[in-house]
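Computed from the coordinates by the stated procedures, all read-outs in this text should not be read as laboratory data. The structure displayed is predicted, hence computed values, not measured ones. Here the Cβ positions follow ideal geometry from the backbone for every residue, glycine too, while neighbour counts run over all protein chains shown.
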Amino acid sequence: MDITEFFQQSAGKWFSQRTSHYMAPPQLETGTTDLWIDILPLSDPEVIKLCRQYRIEPSIALPGARVKWNGTVGVKQRKQVGSTVLVPIPSPDSPNTGKLLQQTLTLNAPVAGRYIMGSDGCLTLITETPDLYSEERLWFESPNLRLRTSTVKRPNGVSVASFCSEIRMGGAQPPAQTAASAQQA
């Protein structure tokens with residue numbers, strides 16, 4: 001499996017359950033999230049814009065993905081809503097590795113990480129900034145069950161390890177309902 005096939009297999013709506021363990025001070029946190037993953041062709045304006053922000057020719061990119069989430073986390077059920085666009089840029093020497101361009105609405109600037117697509121079908125995403133180091137591993141136990149582990153480390157000593165199980169709930173996110181289509185329903 002390559003990263004394009006991994007993204008294609010990930011397309012659709014997912015229900016995610018997450019458990020996070022904060023190392024210092026020790027604390028457990030749980031949450032649930034609805035995820036929508038849509039595949040973006042190279043011609044998508046968001047893919048082109050992100051490539052141009054990095055001065056990368058969009059034609060060398062692979063099809064990207066838009067991920068949207070809406071969930072709650074913690075004892076106080078804090079709301080978490082957001083979206084990101086991911087665009088893989090394969091390494092010329094090894095197509096199973098490369099850069100992963102990311103635009104997240106909560107960040108002011110795009111972030112470039114890297115990806116490694118293992119021969120076992122496991123996708124590893126690594127992001128490093130001055131403020132954090134994040135390593136995430138994703139794999140499919142079956143076509144409708146995806147698992148994810150992650151570790152996040154910050155320079156101030158805060159570290160978090162998480163485990164997520166994600167169950168496919170359906171196809172890609174439906175388009176927003178217009179007034180005309182609502183009247184026909």
Pairs returned, first residue in region 8-23 that is more than 12 Å from residue 160 (Cα to Cα), second residue that is in a loop (DSSP other than H, G, I, E, B), beta-carbon separation under 6 angstrom, 6 or more apart or interchain, are 11/172; 12/171; 12/172
When residue 66 is run through (1) farther than 22 Å from residue 10 by Cα; (2) in contact with a strand residue (DSSP E or B) (Cβ under 7 Å, 6 or more places away or on another chain); (3) not aromatic (Phe, Trp, Tyr), the failure sits at (1)
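Out of region 1-40, which residues are assigned to a loop (DSSP other than H, G, I, E, B) and either surrounded by 15 or more Cβ atoms within 10 Å (Cβ to Cβ) or of a type in the set (D, E, K, R) (or both)? Spell out the reasoning first.
Here is the first cut: in region 1-40, the ones assigned to a loop (DSSP other than H, G, I, E, B) are 1-2, 11, 23-26.
Passing the criteria: 1, 2, 11.
Please list, ordered by residue number, the strands (runs of 3 or more DSSP E) wholly in region 41-159 having 1 or more residues that are exposed (fewer than 15 other Cβ atoms within 10 Å of the Cβ), of a type outside the set (D, E, K, R) and free of Cβ contacts under 8 Å to residues at least 12 places away in the same chain. Before the answer, list the steps.
Values: elements: 64-73, 78-90, 97-104, 111-117, 123-129, 132-142, 145-153.
Where strands (runs of 3 or more DSSP E) fall fully within region 41-159 and carry at least 1 residues being exposed (fewer than 15 other Cβ atoms within 10 Å of the Cβ), of a type outside the set (D, E, K, R) and free of Cβ contacts under 8 Å to residues at least 12 places away in the same chain, they are 132-142.
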